[in-house]
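The values are calculated or read from the model by the stated rules, or taken from the named source; none is laboratory data. Keep in mind that what you see is a predicted model, and the values were worked out from it rather than measured. Cβ placement follows ideal geometry from the backbone for every residue including glycine, while neighbour counts extend to all protein chains displayed.
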Amino acid sequence: MEKGAKKMKRKTGLVVLLAGLVISSCAYLPGITQTQNEVGYKTINVEDLNELMNKEDFTLINVHIPLDGNIPGTDLEIPFNDVKSYLEVLPGSKDGKIIIYCRSGGMGDVASQTLVDLGYTDVSNLEGGYNTWKATGLPFEE
């Protein structure tokens, strides 16, 4: 094989390797809503949560620490990093609908993933947390 062909082959291999690394690193980008298949839980926006409040039965859980207040209708207050210690107050059925929220979403992500890891199958995290809820002018209990 000629020197030029070997160089070209190496460069092509390097480009393919780098492209693969870039693509795989983009598989999870913080702040990008993931599908349930990727992380095991869903996100819900403020409008959809507000609409569900009077239509559907679910458990609404505030996981923010320190506790700064609640969305009206909140069922439980559980620290995001201690969900496993509150199993006795969580819904008995692992397929019961649970909606998690915190101040901005990050603690809710952790708590939602913990619930999924514990076997809960219908878990959603409020996108933007109660900061977004309050910003839309919806009631909040301080």
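Among the residues making up region 109-142, those that are of a type in the set (S, T, Y) and farther than 24 Å from S85 by Cβ are T132, T136.
Within region 87-133, the residues that satisfy the criterion of being in a helix (DSSP H, G or I) and more than 19 Å from the chain's Cα centre (by Cα) are L87, E88, V89.
Is there a residue being within 17 Å of Y120 (Cα to Cα) and in contact (Cβ under 8 Å) with a residue 12 or more places away in the chain anywhere in region 63-71? The answer is yes; a qualifying residue exists.
Looking at D122, D109, just one residue is buried (at least 18 other Cβ atoms within 10 Å of the Cβ), touching a strand residue (DSSP E or B) at 6+ places or on another chain (Cβ under 7 Å) and either over 21 Å from D57 (Cα atoms) or at pLDDT below 95 (or both), and that residue is D109. Just name the residue that is surrounded by the fewest Cβ atoms within 10 Å (Cβ to Cβ) out of those in region 73-90 that are under 24 Å from W133 (Cα atoms) and among the aliphatic types (A, V, I, L, M). Going through the qualifying residues, I end up with L76. When region 91-105 is limited to residues that are out of contact with any Ser or Thr (no Cβ under 8 Å at 6 or more places or on another chain) and loosely packed, with under 15 Cβ neighbours inside 10 Å, the one that is modelled with the highest pLDDT turns out to be S93.
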